[in-house]
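*Asks:* Pasting a structure here, questions to come.
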Amino acid sequence: MKDRLAICREHVVAGGPDDFMEVRHLVLGGSNRAIGRHLAELARDRLGCRKEPWTDPAATRAQKAFLEEHWPGHRERARGVADVYGIPADDDGRDTSFLYYQWAVPGCSVAFYPPRAVSGGHAILARNYDFSTGGATELLRGTPLAGEAPATSRPFILELHPDVGYSTLSLCTYELLGGATDGINSEGLSVALLADAETLSGAYRPLRTSGVGISEIQMVRWLLETCRNAEEARAALARTPQFYVDVPCHYMVADSAGDSFVWELGFSDEPRLIEGDASRVSTVTNHLLYDHDRVADHV
């Protein structure tokens, strides 16, 4: 008999079906496989997510092995997706490690206030995110697509309490199984994603398919689920392959003790780490910090 969820609650916290946006708070607790099954059922039945041959079977096999070693909780969720879609364990033609349901280019900005920069002594990560009333096609091409929902119009505040791993609270807007734009875990680690507009505007070619490693949209949840603090996140990022499916991104990573950094890839495959200052506010928007070492360059 399949294991069941110990916790399953959902309610609307803002908007509704007649508004351009509906925000739902979804709380799940139990085994990662059971969590994956519930998310897959939701994505299939309510968000129109289908599982079709899309990826290179060799890459899918390699990704399964990668997740087994580096993100086992997510690998278990992927098994739950396979349960729901009826995909055999040896079928590598369909990748079950993601549930994409919307897309857009995330225009946003983030500021991290370490404890020493806050009168109350409590670290704060502040986020601004552009939720558009237009669809992703209209945003990128200027012409709306008939019937397309507004970009990021069905976000989930996803609260997970797995029986193995850290509990997390994250905002999911594009990919439900392992994706998030920002979040925090039970240990006080926070991560926020921002589009890298400089790389996007250059000679950039995304995979448009799944790769082997951690994708841009899954970076936030991977760090939150596997790392206790910013120091562990640095080490994990340094040894783990990463790839872009669609939009190049960079990340603010910060913990409750005030340790923070920004992680970037940019045009180079060589990652770049920009350290924060525990005595002052750190900020990041949609340009690369590594290539701008003067304030004047940011204007």
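*Asks:* From Arg24, Arg33, Arg61, which residue is touching a residue at least 24 places away in the same chain (Cβ under 8 Å) and touching a helix residue (DSSP H, G or I) at 6+ places or on another chain (Cβ under 7 Å)? Give the derivation first.
*Replies:* Values: Arg24 fails: touching a helix residue (DSSP H, G or I) at 6+ places or on another chain (Cβ under 7 Å); Arg61 fails: touching a helix residue (DSSP H, G or I) at 6+ places or on another chain (Cβ under 7 Å).
Checking each option against the conditions leaves just Arg33.
*Asks:* For the stretch 17-33, name all the residues that are closer than 19 Å to Trp71 by Cβ and over 20 Å from the mean Cα position of the chain (by Cα).
*Replies:* Hits for the stretch 17-33 are Gly30, Ser31.
*Asks:* Moving on. Of the residues that sit in the stretch 12-38 and are part of a helix (DSSP H, G or I) and of a type in the set (A, V, I, L, M, F, W, C), which one is farthest from Glu159 (Cα to Cα)?
*Replies:* Step one: filter the stretch 12-38 for residues part of a helix (DSSP H, G or I), giving 32-38.
The next check asks that each one be of a type in the set (A, V, I, L, M, F, W, C); those that pass are 34-35.
Values: Ala34: 14, Ile35: 11 Å.
Per the criteria, the residue is Ala34.
*Asks:* I'd like the residue in the stretch 36-58 that is in contact (Cβ under 8 Å) with a residue 60 or more places away in the chain and within 19 Å of the chain's Cα centre (by Cα) and, out of all such residues, is surrounded by the most Cβ atoms within 10 Å (Cβ to Cβ).
*Replies:* Start the filter on the stretch 36-58 by keeping residues that are in contact (Cβ under 8 Å) with a residue 60 or more places away in the chain, which leaves 36, 39-40, 42-43, 47, 49, 54-56.
Checking which are within 19 Å of the chain's Cα centre (by Cα) leaves us with 36, 39-40, 42-43, 47, 49.
Details: Gly36: 28, Leu39: 26, Ala40: 24, Leu42: 20, Ala43: 23, Leu47: 16, Cys49: 21.
Residue satisfying both the conditions and the ranking: Gly36.
*Asks:* Which one is surrounded by the fewest Cβ atoms within 10 Å (Cβ to Cβ), of the residues in the stretch 1-29 that are of a type in the set (Gly, Ala, Ser) and closer than 18 Å to Val164 by Cβ? Can you show your working first?
*Replies:* Looking only at the stretch 1-29, we keep the residues that are of a type in the set (Gly, Ala, Ser), and these are 6, 14-16, 29.
Subset that is closer than 18 Å to Val164 by Cβ: 6, 29.
On the way: Ala6: 12, Gly29: 17.
By that ranking, first place goes to Ala6.
*Asks:* Among the listed residues Arg9, Arg61, which satisfies the condition of being more than 20 Å from the chain's Cα centre (by Cα) and in a helix (DSSP H, G or I)?
*Replies:* Working: Arg9 fails: in a helix (DSSP H, G or I).
Just a single option satisfies the conditions, and that option is Arg61.
*Asks:* Can you go through Arg94, Arg79 and tell me which one is at pLDDT 90 or above and in a helix (DSSP H, G or I)?
*Replies:* Numbers: Arg94 fails: in a helix (DSSP H, G or I).
It is Arg79.
This table checks each residue for (1) crowded, with 17+ Cβ neighbours inside 10 Å; (2) among the β-branched types (Val, Ile, Thr); (3) touching a strand residue (DSSP E or B) at 6+ places or on another chain (Cβ under 7 Å).
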{"residue": "Glu232", "(1), (2), (3)": "no, no, no"}
{"residue": "Leu237", "(1), (2), (3)": "yes, no, yes"}
{"residue": "Thr240", "(1), (2), (3)": "yes, yes, yes"}
{"residue": "Val253", "(1), (2), (3)": "yes, yes, yes"}
{"residue": "Asp259", "(1), (2), (3)": "yes, no, no"}
{"residue": "Val262", "(1), (2), (3)": "yes, yes, yes"}
{"residue": "Leu273", "(1), (2), (3)": "no, no, yes"}
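*Asks:* Can you find a residue in the stretch 102-115 that is part of a helix (DSSP H, G or I), among the aliphatic types (A, V, I, L, M) and over 13 Å from Ser210 (Cα atoms)?
*Replies:* Quick first cut of the stretch 102-115, residues part of a helix (DSSP H, G or I) only: 115.
In the following step, the residues that additionally are among the aliphatic types (A, V, I, L, M) were identified as none.
Taking every residue of the stretch 102-115 in turn, none turns out to be part of a helix (DSSP H, G or I), among the aliphatic types (A, V, I, L, M) and over 13 Å from Ser210 (Cα atoms).
*Asks:* While we're on this one: Can you work out which of the residues in the stretch 146-182 that are among the hydrophobic types (A, V, I, L, M, F, W, C) and touching a residue at least 60 places away in the same chain (Cβ under 8 Å) is surrounded by the most Cβ atoms within 10 Å (Cβ to Cβ)?
*Replies:* Going residue by residue through the stretch 146-182, those that are among the hydrophobic types (A, V, I, L, M, F, W, C) are 146, 149, 151, 156-158, 160, 164, 169, 171-172, 176-177, 180.
From what's left, touching a residue at least 60 places away in the same chain (Cβ under 8 Å): 156-158, 160, 164, 176-177.
On the way: Phe156: 21, Ile157: 16, Leu158: 22, Leu160: 26, Val164: 10, Leu176: 24, Leu177: 24.
Out of the qualifying residues, it is Leu160.
The values are calculated or read from the model by the stated rules, or taken from the named source; none is laboratory data. The model shown is predicted, which means the values in this text are computed figures rather than measured ones. Glycine also receives a Cβ, built like all others from the backbone with ideal geometry; neighbour counts cover every protein chain displayed.
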